[in-house]
Amino acid sequence: MTAIAMKLPVDLFINNEFRPTIKRTTAINPATEETFAEIAAAEIADLNAAIESADQTFRQTWRDLTPGKRTDILFKIAAGIRANAEVIAQWEAEAIGKPISDARDEVALGARIFEYYAGAITKFFGHTIPVARGGFDFTIRQPLGVVAAIVPWNFPFPIACWKVAPALAAGNTVVLKPASLSPCTALALGQIVADAGLPAGALQVITGSGGAIGDALVTHPLIRKISFTGSTQIGARIMSLASKDIKRVSLELGGKSPNIVFADADLEKAATSSPMSVFANTGQDCCARSRTFVEASVYDRFVELFTNATKQIKVGDPLDDKTQVGPMVSTQQRQSVEEYIASANSSRRKILGAERPYPKGAYLNPTIILDADTSDRVWREEIFGPVVCIRRFTDEAQMINEVNASPYGLSGSLWTNDLKRALRVSRQVESGVLSINSHSSVHVEAPFGGFKQSGLGRDLGMQALEGFTELKNIYIAE
């Protein structure tokens, strides 16, 4: 595959070509506070043209392309991602402050996602059903049409891939709307899929403010489904708008994930691995284990180990291979997090960290808040920053009630060596994803999504393919 020749500033990517635009906005590198790119700002006319073209491509080309040909193209897309991995990772690091080592891992994840769905195309099928009246009854899966994929700024490239790949594999065409803070790698994906032979119009990339074009995208009559990852507030608005013409919706929204540690756990492993379960990506992760519950008999030792491990985390330049935590995405986001920390400080909770380690850049040190009250904002609300609250518990049932008192239910971790307890507590915790003796949340092969206000529907796994299709039942009489 050829290397990306795309240049910055970035233009709109419509029908497999870049189109210049007059309206632009500025992206700021959060580490240096300097301009990283001038970003194209799509207007309603651009959006309409992209959607109409995607619909035409769906009906004339992509929907009826044989599974074998779709498989070949998706494998070529994966190869293109791997060939351009370093460029994509560099752009991700500069645009949002993601450590370069993390960015490289996420680009590799994007390639694996396309490879998985390339292989899944010929393994996704319906069923035959022996109906009571005789005859032959069977089901087939059919693509929806044009789907909108709206992705956030915290994991822009892998989330774009895990929406685009299954949608294309199922036979849909896609209009991809990246966050205005992180559009460049979505545009790179657009060029890669074009180089791989994806028909013009099958993937359209529309950049710019969601406030300017978001409603028009969601309500356009040719859009059959919206797959959205982002805040619960915006997800609720999308769901409301989509309800007017019964569009299909999948939503992966906020989280306030628990990390539960019982006294019988491998305490050193649990405590030393837990800091990066919440501070990775500078805490800007809906799966961040930001509420930690520790059994009282091991609480002090856990806090000691956790604090020592946190002090070893390297906060610094995202382009440095040794950096584990970079800056926050913007100084505005950091200010929001500092306001949360101040609210805990005013209620006299014990706080470790919370400093700005550098005079320039949107940096904030990992912060530990001990014994926060369950009524505190820092305990109840999604902070989306490098802040963890640690509480002790003595009663399992009461602890589970506190875990489930959150309106969110996305992910979480459970540490114990008691298999019966692991199964019992796992069933009772209200979350879509739960890891036992681990902090892993995302697997390409497994469904990912949440309970309650953390969303509905599932990304990844074969379940994502189901979500991008309609199930049709066909009956043939004898």
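The listed peptides 121-128, 227-234, ordered by packing as a protection proxy, come out as 227-234, 121-128 (highest mean of other Cβ atoms within 10 Å first).
Charge dipole (Cα centre; +1 on Lys/Arg Cβ, -1 on Asp/Glu Cβ; no other charges) of the stretch 235-313 amounts to roughly 580 debye. Restricting attention to the chain, close to 40% of DSSP beta bridges with both partner residues there are antiparallel. Pairs exceeding 32 Å between alpha-carbon atoms, taken from Lys98/Lys256; Lys269/Lys322; Lys163/Lys420; Lys76/Lys311: Lys163/Lys420; Lys76/Lys311.
For the stretch 16-151, the fraction of 1.4 Å probe accessible surface lying on carbon and sulfur atoms is 53 percent. Couplings 3J(HN,Hα) for the stretch 39-52, derived from phi with the Karplus relation 6.51 cos²θ - 1.76 cosθ + 1.60 (θ = phi - 60°), are 9, 4, 10, 5, 10, 4, 5, 5, 4, 4, 4, 5, 5, 5 Hz, where x marks Gly and Pro. Counting only protein heavy atoms and a probe of 1.4 Å, the accessible surface of the stretch 383-478 is 51% carbon and sulfur. Average accessible surface for the stretch 78-193: 29 Å² per residue, computed with a 1.4 Å probe over protein heavy atoms with every protein chain in place. For the chain, the longest principal axis of the alpha carbon atoms and the long axis of helix 232-242 meet at an angle near 20°. Seen from Val425, the other residues with C-beta closer than 10 Å to its C-beta sum to a net charge of +2, counting Lys and Arg as +1 and Asp and Glu as -1. Working ranking of peptides 161-168, 324-331, 466-473, 89-96 by packing, defined as the average number of other Cβ atoms within 10 Å per residue, highest first, is 161-168, 89-96, 324-331, 466-473. Here the chain is assigned +1 on the Cβ of each Lys and Arg and -1 on the Cβ of each Asp and Glu. Its dipole about the Cα centre then comes out at about 680 debye. When the charge dipole of the chain is built from unit charges on Cβ atoms (+1 for Lys and Arg, -1 for Asp and Glu) and taken about the Cα centre, the candidate among Thr229, Ser243, Ile51 whose Cα reaches farthest toward its positive end is Ser243. For the stretch 216-359, the normalised intensity computed at q = 0.14 Å⁻¹ comes to -0.85 (log10 of I(q)/I(0), Debye sum over alpha carbons, equal scatterers, no solvent). If each of Asn48 and Thr122 carries a label point 7 Å out from its Cα toward its Cβ, how far apart are those two points in nm? Going from the Asn48 label point to the Thr122 one covers 4.3 nm. For a Förster distance of 30 Å, can you work out the FRET efficiency between the beta-carbons of Asp64 and Ala477, rounded to the nearest 0.05? Efficiency, rounded to the nearest 0.05: 0.65.
Could you work out how far the C-alpha centroid of the stretch 169-240 sits from that of the stretch 372-414, in angstrom? Answer, in whole Å: 33.
The values are calculated or read from the model by the stated rules, or taken from the named source; none is laboratory data. Remember, it's a predicted structure, so these values are computed and weren't measured experimentally. Positions of Cβ are generated from backbone atoms using ideal geometry, with glycine treated the same way; all protein chains shown enter the neighbour counts. Please note that ligands, DNA and RNA were not included when accessible areas were found on the heavy atoms of the full protein model with its side chains. Shrake-Rupley method; radii C 1.70, N 1.55, O 1.52, S 1.80 Å.
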